[in-house]
Amino acid sequence: MSAGPYSEQTTWTADISKMLLQPSESVTIAFHKISGDTHILNFLSAATLKILAKGDENFATAFPKILDEIQMTEHDCPASLVKRTILELDELGLVIPVETKA
Amino acid sequence: MTDKNKKTDLFLEQRRDLLKLGAAGMPMVLTLRASAQEAVISQLRCTITIPSKFKILVDDTGAAWVGSGKLRTDKKTGNLKDKDVKNFKHDASYIFPHDSVSASYRPDACEYETCDESGGSGDHDDLLSHLTDENGTYAMNDYLAGSGEDDGHDHSCDDDGHAQDSHGHSIITNAPCGYAVYEYSRSQIISPGDYVTQGGDWNLSGDDGLYLELSLKYIDENGVNGHWPGVSCVISILNYMGH
């Protein structure tokens, strides 16, 4: 697990090969094989994990893709909430910062 | 409106309600620990991965510089090379002012012989202390008899006001002194939760403890909006601790 460093330019990724993901109607259950922890993701955190797992994204590039994935507008889902969700996933070791540019 | 449209509207409305809760601070992830016997304190379990090799230079005032520059030791004095120290400070990625670092991480202060403007060794500055003994009475004879600890050599001053010998070398009577260097390697993992007591306080020790000490200082100054590696992890723990 890792947390930080990050900035607006930090690119993030997620290695879902280390997880067992089980989507259900309203949540996705993620068993993290490394830590042995089980995480229950709501639709926003699940979508965030999915987008970051596809490739390196920073906050700015990930945000519109996540909105598209959850079919919500920025009015409903502010950028600050997406950012906080990424950091929350980072704290749990589900996503990691790849590169931080000055 | 068809039933299908009603369902879609309800579905989106439920999502919007959930996002409102998220915007209000509700976590977007719920974690169940590997062992059901343990309490769920995922905030304490984060770790910090050091992104690249760096050093922390600490002086005796508790100031600190964080960077990746060279810090070589002068073989003659056993101290860090002045030029390296100057360059390291100049190029430091992060600088912390005096009293940022606790005493246990600070080096001993250097005991330079001080210089006066006339180029002497500066012992005259201590004249009054030599004139007064432990009983508060004057002891001029002791001073004149040589207990003033003047070695009889004529010293000059360098640019920093430090005494120099006849070869121009700084005189350091307590070498090595002045700076302490702590090194951190790339991919080194720090587990802040290991330094949280059951009472919910920090109990910092070792090199990792210094890193966390500076992390807390950094958060005091910059909050969550910073580039300091691991800031989100430390803030997560601070939130757990109720700070």
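Numerical summary
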| read-out | value |
| --- | --- |
| Selection within region B:35-76 - modelled with pLDDT under 85, aliphatic (A, V, I, L, M) and either over 22 Å from A:LEU89 (Cβ atoms) or not in a loop (DSSP other than H, G, I, E, B) (or both) | B:ALA36, B:LEU44 |
| Residue selected from region A:6-31 under the condition of a type in the set (A, V, I, L, M) and in a loop (DSSP other than H, G, I, E, B), by the criterion farthest from the other protein chains (Cβ to nearest Cβ) | A:ALA14 |
| B:GLY206 being in the same structural domain as B:GLY62 (by TED's automatic domain parsing) and under 30 Å from B:GLY78 (Cβ atoms) | no |
| Qualifying residue in region A:32-52 (condition: touching a Phe, Trp or Tyr at 6+ places or on another chain (Cβ under 6 Å), more than 11 Å from chain B (Cβ to nearest Cβ) and either closer than 22 Å to B:SER215 by Cα or open to solvent by less than 70 Å² (accessible area, probe 1.4 Å) (or both)) | yes |
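The values are calculated or read from the model by the stated rules, or taken from the named source; none is laboratory data. Quick caveat: nothing in here was measured; it's all calculated off a predicted structure. Methodologically, a virtual Cβ is constructed for each residue, glycine included, from the backbone with ideal geometry; neighbour enumeration extends over all protein chains shown. Keep in mind that these areas ignore ligands, DNA and RNA; they rest on the heavy atoms of the full protein, side chains included. Shrake-Rupley method; radii C 1.70, N 1.55, O 1.52, S 1.80 Å.
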